[in-house]
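Student: Dropping the structure in here first, questions after.
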């Protein structure tokens, strides 16, 4: 009986090479798995903001809201060209929301690229209007439109009368504010900073040209 030693040696060499390649591949996968630091979705500072869904009112009609269009995941910290987001969870019949509405509108005008006195990144303001579970309390889109008009707000109001967004974000009450980086990561929340206004958080956290 004859054995083809050369063929056996070649087959063994190829087999060993494949084993080495596969070993390196799995080692690489394990390194990525152990060193990667995926950002979880949540409403705490440092987490990726959950989605906001529904129709929004822009002053002329109700259209589908696209929250993801506000963010750029490749944004780098310190980049002034990135646009930040402030979102308020509110109820048009909430006394505290009514009290802060005028000031919230002023903030939207102050931290805008249209304001020559503000040299920082543009901040987009949003309002998510819900209906709190209060006996005898009802809300509708007409009331949301009127509230927006009464306070001369020019930013989007999102219909969350069914509380879907409020529940997704775990909002305990209104008003509740979040400041979100251009990459979609929550930089600040009013629930974690009860002694600081959102305007002060913007001044402290949003990059400026002279900074």
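Student: Need one number for the stretch 55-205: average projected area of the convex hull over its C-alpha atoms, nm².
Tutor: Projected over every direction and averaged, the Cα hull of the stretch 55-205 covers 9.1 nm².
Student: Let me ask something additional. Would you report the distance distribution of C-alpha pairs in the stretch 71-115 as whole percents per 10 angstrom bin, up to the bin with the largest distance?
Tutor: 21, 38, 27, 13
Student: Then there's this: Under a plain spin-label model, where a point goes 7 Å from the Cα along Cα-to-Cβ, how far apart in nm are residue 47 and residue 134?
Tutor: It is 2.7 nm.
Student: While we're looking at this one, here's another question. Looking at the stretch 55-205 only, what percent of DSSP beta bridges run antiparallel? Nearest 5 please.
Tutor: Bridges in the stretch 55-205 that DSSP calls antiparallel: roughly 55 percent.
Student: Rounded to whole Å and sorted largest first, list the principal axis extents of the Cα atoms in the stretch 86-155.
Tutor: The principal-axis extents, from largest down, are 46, 18, 18 Å.
Student: For the stretch 140-211, what does the equivalent ellipsoid look like in terms of its semi-axes, each the square root of 5 times an eigenvalue of the Cα gyration tensor, given largest first in whole Å?
Tutor: Working from the Cα gyration tensor, I get semi-axes of 25, 17, 12 Å.
Student: Please work out the C-alpha center-to-center distance from the stretch 174-211 to the stretch 121-164 and express it in whole Å.
Tutor: One Cα centre to the other: 20 Å.
Values quoted throughout were computed directly from the atomic coordinates according to the rules given, and no laboratory measurement underlies them. Source: prediction; values computed, not measured. In this analysis, Cβ positions are derived from the backbone assuming ideal geometry, glycine residues included, and neighbour counts consider all displayed protein chains.
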